[in-house]
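Inspection log for the structure reproduced underneath, given as structure tokens.
The values are calculated or read from the model by the stated rules, or taken from the named source; none is laboratory data. Predicted model, so just to flag it, every value in this text is computed and none were measured. A quick note on method: Cβ atoms are made from the backbone with ideal geometry, for glycine too, and the neighbour counts reach across all protein chains shown. Just the protein is used for accessible areas: all its heavy atoms, side chains included, with ligands, DNA and RNA removed. Shrake-Rupley method; radii C 1.70, N 1.55, O 1.52, S 1.80 Å.
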Amino acid sequence: MGRWLGIPLALSVGAVLCLVAIATPTASAHRRDYDCADFANQAEAEEYLLPGDPYNLDADGDGIACEDLPCPCSSSPGGGGESTGTVELPPAPPPKPPKLNKAVARSAAWAKARHFDARNRLISRVSFQGCRRRSRYKLRCSFRGLGETSTTREKCAITVIVKGEGSHAQAKLRATCKSERLLYLTFRRAIPEIRQTGEEVSHRGVAIVVAERLNDLEIEATVEWESPKKTGGEECAARFLARLNSADEVLVTHEAPSCTPDFVPPSS
């Protein structure tokens, strides 16, 4: 009876041990193989960078796991996998300088334009055309300069470039000017022409008694001369008109002369 019971018991214990051996996995069967796709960010992957890199998370061997993952980031330079737990954020960019103030730029441009006006004797007034922003730190302001004399007209296109930051501005001016000659008859041109025409009419020397301007293009003069006669001399006078035409030529016309005797002998 005892033998019969012993054999089955021995067989039962062996079967149990085999079943336990089959049912119990090895330690290596329980180890999970991680890769970079298993982590949400680089800092999380860094925690699994163990000595020897068993999960092959540091492909290039620089001691940083899964460098292509997004931050938060952490690193253990030189390998070893001991994460410090600190997150390294990129440094914040320096703040941009303040934008150039438009009112400050316009004031600087006006100062340059007034200085140009004061130094240019041909310009009598400057008008503001406006400022346009070219960038955060640059404005372009435009002005027009005008001046006029009796014979010329001056026009200037003035550009002032203002650069700077905030309330600090520097201005540079450039100007393109054009002069136009006006049609204007001066006494200096008119009187010699009138005198020459008078001498051609009288065939002798003449005297210009009075001359006056009618407008920008016309000057009138009264011319007198003496005309000798056998019975006595005559005094003659006529009005001459000098006019400047569109070709800038002086043309002289005159009325018929009026003559009176210098001396009338008494009747017998």
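List of remarks:
A quick yes/no check of all residues on (1) of a type in the set (A, V, I, L, M, F, W, C); (2) open to solvent by less than 80 Å² (accessible area, probe 1.4 Å); (3) at pLDDT below 95:
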{"position": "Q170", "(1), (2), (3)": "no, no, no"}
{"position": "G232", "(1), (2), (3)": "no, yes, yes"}
{"position": "R239", "(1), (2), (3)": "no, no, no"}
{"position": "S246", "(1), (2), (3)": "no, no, yes"}
{"position": "D262", "(1), (2), (3)": "no, yes, yes"}
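- Test set (1) crowded, with 16+ Cβ neighbours inside 10 Å; (2) closer than 30 Å to R136 by Cβ - T197 fails condition number: (2)
- Residue selected from the stretch 112-167 under the condition touching a residue at least 60 places away in the same chain (Cβ under 8 Å) and assigned to a strand (DSSP E or B), by the criterion most open to solvent (accessible area, probe 1.4 Å): K163
- Any hit, the stretch 181-194, residues being part of a strand (DSSP E or B) and either more than 17 Å from R106 (Cβ to Cβ) or touching a strand residue (DSSP E or B) at 6+ places or on another chain (Cβ under 7 Å) (or both): yes
- Boolean, E180 is loosely packed, with under 12 Cβ neighbours inside 10 Å and of a type outside the set (A, V, I, L, M): yes
- Search result, residues across the stretch 79-101 that are surrounded by fewer than 10 Cβ atoms within 10 Å (Cβ to Cβ) and modelled with pLDDT under 85: G85, L89, P90, P91, A92, P93
- One residue stands out in the stretch 215-244 among those that are touching a residue at least 12 places away in the same chain (Cβ under 8 Å) and under 50 Å from the mean Cα position of the chain (by Cα): the one that is nearest to F187 (Cα to Cα), namely I219.
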